[in-house]
Amino acid sequence: MSRVLMAVVVVLTVAAALAVNAMLVGLQTRPAVARSGGALMETAVVTANVKVEGEGPPIVLIHGIGAALDWWDAIAPGLSSDHRVIRLDLIGHGGTEAPGSGYAIARQAALVKAVLDRLGVARTVVVGHSMGGEVATAFAAANPANVERLVLIDTPPKLETAFDLKTRLGLMPLIGQGLWRVRTDAVLRQALTQGFAPGFPVPETFVADLWQLTYTVFHNAHGDSIAYVTEEGTPERLAAIEPVPPLLVIFGTEDALIAPSSAKLYEAVPGAKIVMVDGAGHSPMVEKPEQTLAAIRRFIDERTE
């Protein structure tokens, strides 16, 4: 066999292996499982992992892509002391069911609505982080009467998320599924570092959360998030809600995924308040929980003044 023919055979064999792997990885699904102190709740959307703590006016906390309800652990106790704090894992994340499709932002928002309906919550403060802020925005747009106040934490106002090279490769056809097959704790921990300011230690529980994702969730949830902000910017969507909910926007000054200067784009939303958390990266509620909690409490306490 000539060297050229041998090279062609090798290339075709590798390509076939990548294609088969991509098909197998892309077909993976995962059933729901209670985790992080949550309990399973059957809804018309999917079976969700939900955690409810405290008594009082309700607040729902919505995590971002690749995360789970435990990303709120640092501030949830400070809210549940006098509020009913509702946390859920989004579709495919944490302990919530991971189907083979159906990760659009509107469907994620429909899951939030289904959970709140099951809990008998008619009106609530909604807090969303990153992609979770897009879900919160979609929920508010579809259910304005259900939203008392809205808090967005490092939520992209437009298409601009700057992922590192490894993450970009992970989203590429064939290559991404191949890398997914050989991922390790160290690889996932490194992937999470962009979610925080330089030097911040990635919690091991967050690495465990990332292991819960199938490749379909990782790829499709990212794609659907991009599609959401590409179709229309988040500030524009919020400004179109009638009535516009009181809005607090929180951004870390060291965000490596979204330019902190982008927070100013939310000034287009009537009455919006913007708080910059000094020294925090993309996840202020994890990195600077005291400052983040204080900003949220000041905002939600305005309703009683």
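Laboratory data are not the source of any read-out in this text; all were calculated from the coordinates shown. Nothing here was measured: the structure is a model prediction, and the numbers come from that model. A quick note on method: Cβ atoms are made from the backbone with ideal geometry, for glycine too, and the neighbour counts reach across all protein chains shown.
What the table shows:
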read-out: The range 123-160-the range 39-114 distance, computed between alpha-carbon centres (Å); value: 13
read-out: Where labels lie 7 Å past Cα in the beta-carbon direction, separation of Ala227 and Ala208 in nm; value: 3.3
read-out: Difference of contour (0.36 nm per residue) and Cα-Cα distance, Asp301 to Glu53; value: 87.4 nm
read-out: Spin-label model distance (nm) - Glu267 vs Asp73, 7 Å beyond Cα toward Cβ; value: 3.9
read-out: Residues of type aspartates and glutamates that Lys273 reaches as a straight line, Cα spacing below 13 Å, ignoring anything fewer than 8 places off in the same chain; value: Glu302
read-out: Long-range amide H partners of Val275 with built H, under 5 Å; value: Val249, Ile250, Phe251
read-out: Point-to-point label distance, Glu290-Thr29, nm (Cα→Cβ direction, 7 Å offset); value: 4.8
read-out: Ratio Rg/Rh, restricted to the range 223-287 and using Cα atoms, in which Rh is the Kirkwood radius; value: 0.99
read-out: Candidate lysines for bridging to Lys51, where Cα separation is under 17 Å - those fewer than 8 sequence places away on the same chain excluded; value: Lys113
read-out: Length-normalised contact order of the range 205-288 in % [C-alpha pairs under 8 Å, at least 6 apart]; value: 27
read-out: Amide N of the range 198-239 lying under 20 Å from the label point, which is placed 7 angstrom from the Cα of Thr184 along Cα→Cβ; value: 202-213
